[in-house]
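Novice: Take a look at the following structure, please.
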Amino acid sequence: MFKKSRRKIVASIMSVLVALWVGTLAVIYSCSYFEMEKQNRGMLREHAFRYALSQPEVVPPPAKPKPEFGNPRYSDMPLFWLSTFYTVAMTYEGEIIEIRNPQQKLHSNEELESLAGEILSGGTTAGVKNNLVYYVLDKGGYMLFTFKDNTVINESMNTLFRYTLIFGGAAIAALFFLAVYLAKRIVMPLEESYRKQRQFISDAGHELKTPIAVVNANAELLSREYGENQWVCNIQYENGRMGALVGQLLELARTENVSAPKERLDFSRLVTGEALPFESAAFEKELKFHYNIEESLYVFGNGNQLKQVVSILLDNAVSHSERGGEISCSLKRERNLVKLSVINKGEEISPEQMENLFERFYRRDRARNSQGGHYGLGLAIAKAVVTAQGGDIKAVCRDGKVKFVVSLPYRK
């Protein structure tokens with residue numbers, strides 16, 4: 001139980017940390033990307049507006065007025081003058097007027113001309129092609145394609161991202177061990193309190209066995225001495241109830257504290273043997289008892305404890321079934337699990353009650369008190385046993401039917 005709690009605490013802490021880390025990285029890199037894209041386009045636009053042909057007379061007079069240049073901004077930045085720009089001037093019909101290529105070793109004139117043709121046919125005015133950021137401007141009489149190489153910036157961003165992942169991953173790993181330590185410290189007081197509670201129940205149960213035996217012996221002597229007596233009968237009845245309660249407490253403590261020996265068991269035979277005696281109990285209550293048990297299903301566990309689980313579930317079904325109802329018990333294999341299902345028709349169980357069914361001393365019907373020897377410990381014992389066997393137990397209530405399902409690992 002506490003191991004599961006520690007895992008949940010660690011998972012919660014790590015989920016928050018990873019979410020914060022991923023969110024922070026996403027915000028930083030998205031902001032950096034959009035800022036870089038905005039800056040590149042601004043510099044390309046600035047360069048395009050400032051561009052002038054080497055031989056202006058080769059272009060006929062513009063058919064429409066030249067666009068306004070506007071107030072320069074990026075030309076005041078040192079990065080603008082340190083950047084390398086490639087330009088292709090082209091007529092509206094697609095004829096090359098001029099190509100300016102300051103770094104022909106990186107990008108050839110043919111490559112720039114081909115990219116300009118693709119962009120012209122595509123009809124876009126801005127974007128990225130072959131790691132070149134481009135911007136297209138109608139200069140009034142011809143089209144200007146301006147390019148800027150983005151390799152250095154991309155490499156810098158990739159390097160930053162790579163090292164951020166490396167050091168961030170190392171930090172997350174270190175924080176994982178810190179989370180494990182913190183989870184252990186958080187759960188430790190609860191674990192210690194729970195251990196002391198179990199020890200108290202065990203010690204108190206053992207101490208109560210002696211006075212219960214003495215009271216029972218004296219009540220037996222009084223009944224022999226005075227015969228049938230209402231007061232003596234009351235003493236014997238209540239002492240019997242007390243003995244049953246103490247016995248269940250000791251059984252629960254033994255299940256939780258002592259690791260019982262386990263072996264490979266024929267669970268089919270075990271369930272059949274436990275189900276047969278309950279046919280008479282169901283008959284007395286006018287209940288129809290059906291069971292469908294698949295043969296030769298083996299599990300690894302303690303036979304006595306598993307018998308107790310089957311008995312608890314069947315007794316619970318008989319006790320909480322309406323007279324004239326039905327009880328069904330089935331055992332089947334599903335993949336690598338052996339599943340025992342006990343279904344009875346009874347009172348509807350609310351979701352709030354479902355959450356507490358396997359808690360100690362919890363009873364759905366408080367008005368019944370402890371009639372029939374039920375003290376709210378049976379399902380708690382069943383859960384403790386199933387958990388100790390490496391299995392799982394759950395309850396489902398649907399359409400007025402209560403279903404308990406025990407899942408245990410299948411052993412060939």
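The values are calculated or read from the model by the stated rules, or taken from the named source; none is laboratory data. Since the model is a prediction, treat every value here as computed from it, not as a measurement. Virtual Cβ from ideal backbone geometry, glycine too; neighbours counted across all protein chains shown.
Novice: Can you tell me which residue within the range 329-358, out of those that are in contact with a helix residue (DSSP H, G or I) (Cβ under 7 Å, 6 or more places away or on another chain), over 12 Å from Cys397 (Cα atoms) and without any contact (Cβ under 8 Å) to a residue 60 or more places away in the chain, is surrounded by the most Cβ atoms within 10 Å (Cβ to Cβ)?
Specialist: That would be Cys329.
Novice: So which pairs qualify, if the first residue must be in the range 98-123 and among the polar types (S, T, N, Q), the second must be loosely packed, with under 12 Cβ neighbours inside 10 Å, the Cβ gap must be under 7 Å, and the two must be at least 6 apart or on different chains?
Specialist: That search, which allows pairs on different chains as well, returns nothing.
Novice: So, in the range 286-316, of the ones that are in contact with a strand residue (DSSP E or B) (Cβ under 8 Å, 6 or more places away or on another chain) and part of a helix (DSSP H, G or I), which residue ends up farthest from Ser407 (Cα to Cα)?
Specialist: Filtering first and then ranking leaves Asn316.
Novice: For the range 150-157, state whether one or more residues are modelled with pLDDT under 85, surrounded by 14 or more Cβ atoms within 10 Å (Cβ to Cβ) and either on the phi > 0 side of the Ramachandran plot or not in a helix (DSSP H, G or I) (or both).
Specialist: Yes - at least one qualifying residue is present in the range 150-157.
Novice: Could I ask something else about it? In the range 317-346, what count of residues is obtained for those that are closer than 21 Å to Leu270 by Cα and not in a loop (DSSP other than H, G, I, E, B)?
Specialist: The number of residues fulfilling the criteria is 18.
Novice: Working only within the range 123-143, note down all residues that are among the basic types (Lys, Arg) and out of contact with any Lys or Arg (no Cβ under 9 Å at 6 or more places or on another chain).
Specialist: Within the range 123-143, Lys129 is the sole residue that qualifies.
Novice: Also: Checking Tyr134 against (1) closer than 26 Å to Phe34 by Cβ; (2) outside the structural domain of Glu37 (by TED's automatic domain parsing): exactly one of these is not met. Which one?
Specialist: (2)
Novice: I want to confirm something. Restricting to the range 283-321 and keeping residues that are surrounded by fewer than 21 Cβ atoms within 10 Å (Cβ to Cβ) and among the small types (Gly, Ala, Ser), which single residue is nearest to Val342 (Cα to Cα)?
Specialist: Among those that are surrounded by fewer than 21 Cβ atoms within 10 Å (Cβ to Cβ) and among the small types (Gly, Ala, Ser), it is Ser311.
Novice: When only residues in the range 113-149 that are among the small types (Gly, Ala, Ser) and assigned to a helix (DSSP H, G or I) count, which is surrounded by the most Cβ atoms within 10 Å (Cβ to Cβ)?
Specialist: Of everything passing the filter in the range 113-149, Ala116 is surrounded by the most Cβ atoms within 10 Å (Cβ to Cβ).
Novice: On to the next question. Could you please give the count of residues in the range 14-59 that are in a loop (DSSP other than H, G, I, E, B) and closer than 22 Å to Thr125 by Cα?
Specialist: Looking only at that region, the number is 4.
Novice: Now for a different question. Tell me which residues, restricted to the range 1-44, are touching a strand residue (DSSP E or B) at 6+ places or on another chain (Cβ under 8 Å) and hydrophobic (A, V, I, L, M, F, W, C).
Specialist: Scanning the range 1-44 gives Met43, Leu44.
Novice: Another one. Answer yes or no as to whether Gly94 is surrounded by 13 or more Cβ atoms within 10 Å (Cβ to Cβ) and not in a strand (DSSP E or B).
Specialist: For Gly94, the condition - surrounded by 13 or more Cβ atoms within 10 Å (Cβ to Cβ) and not in a strand (DSSP E or B) - is not met.
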